[in-house]
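Read the figures in this text as sums done on the coordinates, not as results from a lab. Note that the coordinates shown come from a computational prediction; the quantities given were computed from them, not determined experimentally. In this analysis, Cβ positions are derived from the backbone assuming ideal geometry, glycine residues included, and neighbour counts consider all displayed protein chains.
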Amino acid sequence: MTDSQNHKTYTTMPGIKLGWLTTEDLERLAKIAGRYAPPMIKITGGQRLSFLGLSPEKLEALKKELNIHDKPRHSRNRLHNVQACPGSQWCKYGSGDSLAMGEALDKLVLDRPLPYKVKVGISGCRMCCCESWVRDVGLVAEKKGWRFIFGGNAGGRPRIGDVVAENLNDDEAVSLIEKCLNFYTEQASYKTRSARFMERFGIEALKEGILE
């Protein structure tokens with residue numbers, strides 16, 4: 001393949017939430033793949049699906065067909081990406097309904113745009129399949145309820161998140177996450193990820209701001 005053919009382009013397919021696909025989704029994706037013939041289709045680390053290597057012309061046509069906008073979700077008062085394991089609906093180890101919680105958080109609309117992208121990992125048991133400890137927002141289901149973790153990161157400067165609260169029911173978890181993210185939005189500088197914010201701000205100050 002020549003340099004001119006090696007198009008390092010990609011687009012993430014919209015409408016695929018929490019990594020789950022219906023048979024209708026698969027049929028739709030197969031038709032799109034047949035029309036646009038991407039060199040590679042990849043399941044990303046964030047449980048999403050990307051078409052890779054399309055020519056710039058094909059990429060723009062695909063984005064137009066699927067009504068894909070390049071503006072990131074965090075600039076529209078929304079979470080960047082929500083991951084969830086099968087949870088109690090589908091896994092014998094699941095203590096919490098990760099999928100229902102994921103849907104609730106994916107619909108969350110905050111007071112204003114976030115400082116930077118926020119990734120969410122929801123694990124239905126303590127085996128933590130969605131790596132909740134290294135996500136900006138992490139939830140881990142235990143017998144007495146959800147453990148809420150904030151400020152994790154799995155990037156070039158990895159960080160284990162801080163435990164904000166434990167033994168939360170579903171409504172309490174969603175409410176506290178919303179409160180935490182709005183507080184983070186108020187206090188953090190633009191383009192500051194939650195891990196760097198927590199390194200400077202500290203868990204005690206965060207708890208004081210959102211729990212008391």
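Only one residue of PHE197, GLY94, SER123 has its Cα farthest out toward the positive end of the dipole of the range 73-211, where Lys and Arg carry +1 and Asp and Glu -1 on Cβ, and that residue is PHE197.
Sum up the charges of everything whose Cβ sits under 15 Å from the Cβ of GLY209, counting Lys and Arg as +1 and Asp and Glu as -1, but leave GLY209 out.
Summing Lys and Arg as +1 and Asp and Glu as -1 gives -4.
Charged side chains reduced to their Cβ positions (Lys and Arg at +1, Asp and Glu at -1) give the range 151-212 a dipole of some 620 debye around its Cα centre.
Spin-label model, ILE160/ARG76: points 7 Å from Cα along the beta carbon direction are separated by 3.7 nm. Taking 0.692 mPa s as the viscosity and 37 °C as the temperature, the Stokes-Einstein diffusion coefficient of the chain based on its alpha-carbon Kirkwood radius rounds to 179 µm²/s.
Could the peptides 24-30, 120-126 be put in order, highest first, of the mean number of other beta-carbon atoms found within 10 Å of their residues?
Per-residue Cβ counts within 10 Å, averaged per peptide and sorted highest first, yield 120-126, 24-30.
Remark: PHE183, PHE51, PHE197 ranked as PHE183, PHE197, PHE51, counting other beta-carbon atoms within 10 Å and listing the fewest first.
Taking the DSSP bridge list for the chain and keeping only pairs wholly inside it, about 70 percent are antiparallel. What number comes out for the charge environment of GLY145, summing +1 per Lys or Arg and -1 per Asp or Glu over other residues with Cβ under 14 Å away? Local charge sum for GLY145: -2. Note on the chain: dipole from Cβ charges, positive end direction compared against PHE51, ASN167, ASN153; the farthest Cα belongs to PHE51.
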